[in-house]
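For reference, the structure discussed in these notes is given below.
The values are calculated or read from the model by the stated rules, or taken from the named source; none is laboratory data. A quick note: this is a predicted structure, and the numbers were derived from the prediction, not measured. Using ideal geometry, Cβ is built from the backbone for each residue, glycine included, and neighbour counts are taken over all protein chains shown.
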Amino acid sequence: MFVGEATLQVLHGAVRVMGKLVTVESPPLVLSTGGRFSLAISIAAEAHATQVPFSASQQVVELSLQSRPLMQPPARTGPPAAAHPQHPQQHPQQQQQQQAAPGQAQAASPCTFALHRPSDPRAPASMTVSRDWAQAVDDVCAAAASGAPVVLAVLGAKGMGKSSLARLITNRLLDLAQQQEPDPMGAGTGGGSGGGSGSGGGWPAVAFLDTDVGQPEFTPPGLLSLHLLGPGSPLVGPPHAHSRQPWAARFVGDVSPQHDPQLYLSAAQALYGTYWNWAQGLAAIGCPWPPLVVNTHGWVKGLGFDLLTQLLRLVAPTHVIQIRGGSEKKNLPRGAFWCDPRDAQAAAAAAPAVLITLDTLVDANTQAAAAPGGGGSGGGQDAGGGRPCSSDGGGGASAERDLGPGRPRGGGGGGGAPLTVTLRSLKPVDCRGLAWHAWAKRVVGSEPAWGSYESDDFWRNAGALASLPPWHISLDLLHVHLLAGSLPHQQLGRLLNGAVVGLLATTAPPPPAAAAASAAASAAWWGLDEAAAAAAYPPGRVSYIGASAAPPPLLPCVGLGIVRAVDMTNRTAYVLTDVDGDVLECVGALVVGRLELPGSLVVGGEVAWPYQQLFGLSAEATGAGAGKARKNLSRSSLVELAG
């Protein structure tokens, strides 16, 4: 069991980490449990596919674990700002950090990780899958290995383990990808320079469509994103430990789709179309059809259920895994509920080829531990269990398999192993705060996986972000679009100051970058009509949601930014972002939604708070507390009726 932060390199043999097979040929793998909020990472010995299987006790594996480099404070020398709106360049601070990186790696650093044996009763909690979960992972991998198109959707209410299962399946699918490390942006190119010729026996990347705007897997909240994951980039640890730039994204600007459901569905449709164009480009040159994993939101009641139903009809998944908990009131309807023949809108919806129902991992392990002679799930093996995919391809007919409470649990050599799955009391707002801190690390040029994600780390992130030289952006060259409400034009500076904005592209990449880009990179700009974008988002103007009869075109979002300051006299905004300078040249619109930064990211560090408090009300002021019910007083309306 691994806890902490380190870099893993296999010297002899093979291991499986979070479902991903790591061998001697694999690149170094960054391991991080992302602070004390996450479960331990299990590292299990694995027999290589070319070796004769033998018992685990006879396997000899040699590993190298190196602690993370020392956390150096960011450099503050250099010019205060280095970006011109038309010709932005790299931040001087980021250049200094990149130059200092080798020295930091050579500096002596304390041990930043700990190892525990699974048999140790004091070992930290880790995630261990049940037999049914492992079998479901195998079934999906077998279908993908057979060459059939696989679009997997993982469903379930909040806290059921959807994201964990999606990570496990994605890591196992990466084992089936091409062994050479591809460039996902160049994968599947027709003309030549890409990384997918079809000769490697697998697809160059696994697509991951994240439709959970509240607690996304790779990005801060407010984005729907599509990611292309190569074999060298598995999903290990909690979401904030593998934060990264999306391959394609659309800006929703809220932690929930309830305020603008149509914008949410339009964004999902655009990203699915981007995936489809990329996959068709691969198939045209003889590559296998790449799989797509769809991570859904956990809002399964009311409007959330309607949005989930329409989303499933949109992506038409071939494989669906539904995770259910103990309370039926919190669960989704059984079966392919989005294909209900009684619903006229579902008449054209295709039923999935495979529909699997699983119990949530906590409930399954609880039943196994309570059963006589029952033990752990899968014998303490890591996610995926290390078992090879079965030869069953999933079939073409619709088949529903229920792995519910009626089936026996445990086994697999687990015996009386202790329960290893523990829920952590981490609220959604806390998860969003960690995602924002991981994004801030990317902005200042740090590795999101490194850091304790405690108060000292938060303080360091806030200070580094506040001291980072921002980009100078002229408001006369940008269009500002508001997703919530309207305001007088002269109040624009107050609205933008400190706001989180979406950076929308109104033009394609510049000619040098576009010439070197592949067909896959061009597919990321699918749906971008430059003429329509210029007409809907004229520079120097401000627009509001609902101001026109027809909604404006949905433009690609290249990233997020923080408006650190606004100079309305010179009409200049100072923006902090992790987007590269050549991509920033394509940005023609700033979108302001309902996103807010956590307090731990805007207050801290050695930089003084730039605002002065003039006056304020105490929390104990009159009317500040919650109202109390007075049952001994009648309402005035009832008194009048009684009189």
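Annotations
- Number of residues in the stretch 119-135 that are closer than 17 Å to Ala153 by Cα and within 22 Å of the chain's Cα centre (by Cα) equals 1.
- Residue in the stretch 561-571 that is closer than 20 Å to Leu271 by Cβ and buried (at least 22 other Cβ atoms within 10 Å of the Cβ) present: no
- Thr577 modelled with pLDDT of 90 or more, closer than 17 Å to Val443 by Cα and among the polar types (S, T, N, Q): yes
- The set of residues in the stretch 564-598 that are in a helix (DSSP H, G or I) and either among the aliphatic types (A, V, I, L, M) or outside the structural domain of Leu492 (by TED's automatic domain parsing) (or both) comprises Val583, Leu584.
- Pair list, Cβ under 6 Å, 6 or more apart: the stretch 532-544 residue assigned by TED's automatic domain parsing to the domain that holds Leu477, other residue of a type outside the set (S, T, N, Q) and exposed (fewer than 14 other Cβ atoms within 10 Å of the Cβ): Pro539/Leu477; Gly540/Asp476
- Residue match in the stretch 419-427 (condition: modelled with pLDDT under 90, outside the structural domain of Ser130 (by TED's automatic domain parsing), surrounded by fewer than 13 Cβ atoms within 10 Å (Cβ to Cβ) and within 18 Å of the chain's Cα centre (by Cα)): yes
- Residue within the stretch 580-596 that is touching a helix residue (DSSP H, G or I) at 6+ places or on another chain (Cβ under 6 Å), of a type outside the set (Val, Ile, Thr) and modelled with pLDDT of 90 or more present: no
- Condition check for Val293: among the aliphatic types (A, V, I, L, M) and assigned to a loop (DSSP other than H, G, I, E, B): no
- Residue in the stretch 244-253 that is of a type outside the set (Lys, Arg) and over 15 Å from the mean Cα position of the chain (by Cα) present: yes
- Single residue of the stretch 543-571 satisfying the filter (β-branched (Val, Ile, Thr) and either under 31 Å from the mean Cα position of the chain (by Cα) or at pLDDT 95 or above (or both)) that is farthest from Gly222 (Cα to Cα): Val566
- Residue match in the stretch 441-450 (condition: assigned to a helix (DSSP H, G or I) and assigned by TED's automatic domain parsing to the domain that holds Arg571): no
- Of all residues in the stretch 124-140 being hydrophobic (A, V, I, L, M, F, W, C) and crowded, with 18+ Cβ neighbours inside 10 Å, the one that is modelled with the lowest pLDDT: Met127
- Test: residue in the stretch 23-41 that is part of a loop (DSSP other than H, G, I, E, B), more than 19 Å from Ser452 (Cβ to Cβ), at pLDDT 80 or above and among the small types (Gly, Ala, Ser): yes
- Hits in the stretch 226-252 (condition: crowded, with 24+ Cβ neighbours inside 10 Å and among the polar types (S, T, N, Q)): Ser243
- Figure legend. Inter-residue proximity from the stretch 234-257: first residues within 15 Å of Leu555 (Cα to Cα), second residues crowded, with 23+ Cβ neighbours inside 10 Å and of a type in the set (Phe, Trp, Tyr), beta-carbon distance below 8 Å, spacing 6+ or different chains. Indicated pairs: Pro246/Phe218; Val252/Tyr264.
- In the stretch 141-163, residue surrounded by the fewest Cβ atoms within 10 Å (Cβ to Cβ) [restricted to those that are assigned to a loop (DSSP other than H, G, I, E, B) and among the small types (Gly, Ala, Ser)]: Gly147
- Residue match in the stretch 292-314 (condition: among the polar types (S, T, N, Q) and more than 13 Å from the chain's Cα centre (by Cα)): yes
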